[in-house]
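Structure first, then comments.
The values are calculated or read from the model by the stated rules, or taken from the named source; none is laboratory data. Bear in mind the structure is a predicted one, so any value in this text is a computation, not a measurement. Cβ coordinates were reconstructed from backbone atoms using ideal geometry, including for glycine residues, and neighbour counts include every protein chain displayed. Accessible surface is based on the protein model in full, side chains and every heavy atom, while ligands, DNA and RNA are left aside. Shrake-Rupley method; radii C 1.70, N 1.55, O 1.52, S 1.80 Å.
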Amino acid sequence: MALSMLLRSSSRLSPVLMNASRISCAPVTPILANKIAINNSRQISVSPIRQSATGNHVALWQAERALSVGLLGIVPVSFLIESQASEYLLSLALVMHFHWGLEALVTDYVREELFGSLLPKVSHVLLALISAATLAGLFMMAYKDQGLAKTTRKIWAIQPAN
Amino acid sequence: MALCLARNFCNRATIFNPAQLSSARYVSIKVVPATQPAVEGHDARNARFKRPQSPHLTIYKPQLTSMLSITHRGTGILLSSYVIAAGIAGISGDFSVVSSIEALQLGAASLAALKFSIAFPFSYHLVNGIRHLFWDMGKFLSIKEVYTTGYAMLFASIVLSLALTFLF
């Protein structure tokens, strides 16, 4: 009976313990933890870790910024020099950049609260397919020496009819 | 308590008596992981209070900040659609984009409009993208600076797009 009472009180305290273990990372047995929690309750922070509902996005944020800075160099270079390597690099960088951008768009606007549980998932899959198809298409253009930068340069070189 | 239960087993007449059963019942306590309280999202909370969408776009005054922000998204979508169109044309083996435009025999004004429709979203997204990167470094974040860089960005992107359209 005493043991079960102890267990019950430890289960009641477990939200505190869960947060405490995240902070202190000290592996403790439940009964011991119960005593520690009672004795040191003033020293344990129970404020939740602040992060997005869908997890930690720090690495993604940093990668997006790194790519944006990279594009500031990749775009002018691929327009100034004519090479297939720069066309491949431009294709990959642009597709990654617009994929992350449109993904944020889908996440922001195609929400479960507005469109139900199915459509947001379908939209994300569809976007992944579009991005993959675009990357394949741009690579094919680069392979045939008709890359995106070269095509744009040719459009700019078209002379007016009259 | 055990004695109580044993007595119930012996007495078949009273075993289905609910009053006696409840006095003899053992309570087992099991430790289960605590469930985190459900976090109510922004939309769910607004719906519960019957609030309109925030910001209330039909009554909220359009400001430079919000207009430049949504235009950044708009130009991003436009540029993405150009790249996707080129990619889909490429994957279908159609490499005749340039010759199809040439076949239209466009005049100088139409050609300039075509170039501007690419150059403006590109310039805008480029210059405002740089503004965003400065914000990401923690710079120019005061309201005054946000407006100053906003006007400067708008001016620079228009100049750049006109230069790309007519000088190259």
Output the number of residues of region B:90-101 satisfying the condition of being part of a helix (DSSP H, G or I) and either touching a residue at least 60 places away in the same chain (Cβ under 8 Å) or at the interface with another protein chain (Cβ under 7 Å from one of its Cβ atoms) (or both).
5
Residue selected from region B:122-168 under the condition within 22 Å of the chain's Cα centre (by Cα), within 14 Å of another protein chain (Cβ to nearest Cβ) and aliphatic (A, V, I, L, M), by the criterion most open to solvent (accessible area, probe 1.4 Å)
B:137
Residues being among the acidic types (Asp, Glu) and in a helix (DSSP H, G or I) - total across region B:32-70
1
Only one of (1) free of Cβ contacts under 8 Å to residues at least 12 places away in the same chain; (2) within 18 Å of residue B:76 (Cα to Cα) fails for residue A:118. Which number is that?
(2)
Report yes if residue A:157 is within 11 Å of chain B (Cβ to nearest Cβ), touching a residue at least 24 places away in the same chain (Cβ under 8 Å), more than 27 Å from residue B:74 (Cβ to Cβ) and open to solvent by less than 70 Å² (accessible area, probe 1.4 Å), otherwise no.
no
Kindly indicate whether residue A:122 is of a type in the set (A, V, I, L, M, F, W, C), farther than 21 Å from residue B:164 by Cα and modelled with pLDDT of 95 or more.
yes
Give the residues of region A:105-134 that are open to solvent by 40 Å² or more (accessible area, probe 1.4 Å) and either within 9 Å of chain B (Cβ to nearest Cβ) or within 26 Å of residue A:62 (Cβ to Cβ) (or both), sorted by residue number.
A:107, A:108, A:109, A:111, A:112, A:113, A:114, A:124, A:125, A:128, A:130, A:132
Please work out if residue B:139 is within 19 Å of residue B:66 (Cα to Cα) and not in a helix (DSSP H, G or I).
yes
